[in-house]
1. Charges on Cβ only, +1 for Lys and Arg, -1 for Asp and Glu, centred on the Cα centroid of the protein assembly as shown; of A:His252, B:Pro81, A:Tyr241, which one is farthest towards the dipole's positive end?
2. Put a label point 7 Å from Cα along the Cβ direction on A:Leu150, then list its distances to the equivalent points in the other copies in nm, shortest first.
3. Once the label point is placed 7 Å from Cα along Cβ, list for B:Leu2 the distances to the corresponding points in the other copies, in nm, shortest first.
4. Give me the distance between the Cα centres of region B:236-272 and region A:122-179, rounded to whole Å.
5. On average, how many beta carbons from a partner chain sit within 10 Å of the beta carbon of a residue in A:214-226?
6. For the peptides B:51-59, B:190-198, A:94-102, A:201-209, what is the packing order when you average, over each peptide's residues, the other Cβ atoms within 10 Å and list the highest mean first?
7. Only Lys, Arg, Asp and Glu count, each charged at its Cβ (+1, +1, -1, -1), so figure out the dipole size of chain A about its Cα centre, rounded to 20 debye.
8. Roughly how big is region B:178-304's charge dipole about its Cα centre, with Cβ charges of +1 (Lys, Arg) and -1 (Asp, Glu), in debye to the nearest 20?
There are 2 protein chains.
Amino acid sequence: MLTYIAGSGAMGCRFGAQLAQSNQKVVLLDNWDEHIQKIQKDGLKVTGTIEKEMNLSIMRPSEATDPADYIILFTKAMQLPKMLEDIQQIINEDTKVVCLLNGLGHEEVIRQYVPEHSIIMGVTVWTASLPGPGHVHLAGTGEINLQSLLPSGEEAGRVITEMLNKAGLNATYESDVLSAIWRKACVNGTMNSNCAVLDCTVGELFASSNGKEIIDSIIDEFVEIAELEGISLDDQEMKDYVYQTAVKAADHYPSMHQDLIQNNRLTEIDYLNGYVARKAQEYEVETPYCEYITKMVHLKESLLVKDN
Amino acid sequence: MLTYIAGSGAMGCRFGAQLAQSNQKVVLLDNWDEHIQKIQKDGLKVTGTIEKEMNLSIMRPSEATDPADYIILFTKAMQLPKMLEDIQQIINEDTKVVCLLNGLGHEEVIRQYVPEHSIIMGVTVWTASLPGPGHVHLAGTGEINLQSLLPSGEEAGRVITEMLNKAGLNATYESDVLSAIWRKACVNGTMNSNCAVLDCTVGELFASSNGKEIIDSIIDEFVEIAELEGISLDDQEMKDYVYQTAVKAADHYPSMHQDLIQNNRLTEIDYLNGYVARKAQEYEVETPYCEYITKMVHLKESLLVKDN
């Protein structure tokens, strides 16, 4: 069985390394030249909870030719359509595609390239970092929640869950994975976007009464739109979850701050608050906080990101 | 006739200097020790369109004893109540009080300290800067719009208008000064608050389609609340005016950016967007953009302003 990791940044390398170590046949796909060349020359350097040089296959998406049994999607949200276009030649009727991207609405994109019964949606709280090209650093622990988009895909979903568990990735086959995806997106949609625009840590945001009022308004908007999408989130439980997560992340600048403020890169805002604001327009309801912060993040992108 | 300038920062010094030059008896009031000592020792240094060392009287508000004929209020918005308390001893039945502060709602504060028929509301587009204590720099030109709060105060308002005109300050007695005050506040409420939070120039804000959408939403909210307050602003005309003003100010960081980001000082947000959001609550309507940006500015204050 051949598994491709489509998007082999920090998280893709973690999954690739752990699957390879459990004797799965894995090919990494990525577009970062330096990263590809380093891994082709010296193998993938893994440090942290695993310390190892691993001989892993890596290539550009368009260079892949062997048909895929499994594809695990791990691109940045805005790179997803391009990736799916570039790997059309390895997707056939039996290929199962697992989406582990951050954010909302990816199933709408994947459906355009992959038969619906072959799509498995997921969410993970594993983390990883890339100290440099060809080097992934692993710390902490995590889990994965998975569910096939259609009931007819359940068997395939359970097979993949087992494969991920053999690789030590703590996967669970879920009855309601879209709720889990919305819960994670709501956490990101509160702290990521605001910490990026306000240039502050999670702890600084949540220490302020004004920050808490902002957070609560954004959670209300996520819960309202989730409900309209048929996904029931309990507003108070969601708030409790976000506040608990914030305590653990207090000292951190979230990933959107790292992308936008520290590294001047485009953000995933359109798949978090921007998705909620777009859906609100479709449903003709108001989500002004999500709308405003989305515009602010895009404005900061236009100021900070070169060749935007 | 004795005129006090209550709040002698850059603008107070400009008005004090020009009134003194036209042979008005003027006393500056301020709380900045270094500034007071410098002017008491060496006089006020005026540079720019007027170049002169002027021998002007300056003291702390609580030290003033001679009854005032006129008081021109020029404090920062949040310092107004304290100033009015500190100068109670120089206000009598004949004292006329002219408010030239930025922002909205100051008449509600002044009414608590001064009889309503003695209050003259105004707005000015003159500018000035303080390169250092005891030194005011004058550039450009400007004008003042004035109107007494009650019709019975009109005569006094016209006398003051004449006095300001003798000092070359281009004053006009208005039939609807509150509209003029709201117009200026709306300009400040769009560009000041957003440029402060987004750390950008006026030109950068207005060059962005996201920036323009934000501006338009905030103007809509100002116009809606002004209407409820009995002040009719034409929405399209207001937008034209804000956009024209933005072109002239394109290269500038507005004053709230200077206060908050450059000098880590408290802002006047509660008298701009914050005032609109507060009034909206009273009227039970929604002004989410004004509400959100007010919270963001206060959050930045809590991060940046020491001894807040």
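The values are calculated or read from the model by the stated rules, or taken from the named source; none is laboratory data. All values reported here derive from a predicted model rather than from experimental measurement. Positions of Cβ are backbone-derived with ideal geometry, glycine not excepted, and every protein chain shown enters the neighbour counts. For the accessible areas, the whole protein counts, side chains as well, though only heavy atoms, and no ligand, DNA or RNA atoms are used. Shrake-Rupley method; radii C 1.70, N 1.55, O 1.52, S 1.80 Å.
1. A:His252
2. Values, ascending and in nm: 7.9.
3. 9.5
4. When both Cα centres are located, 48 Å separates them.
5. Going residue by residue through A:214-226 and averaging, the value is 1.
6. Working: B:51-59: 15.4, B:190-198: 27.3, A:94-102: 22.1, A:201-209: 19.2.
My ranking of the peptides, most packed first, is B:190-198, A:94-102, A:201-209, B:51-59.
7. 1180
8. Details: 10 positive and 22 negative charges, 104 e Å.
My answer is approximately 500 debye.
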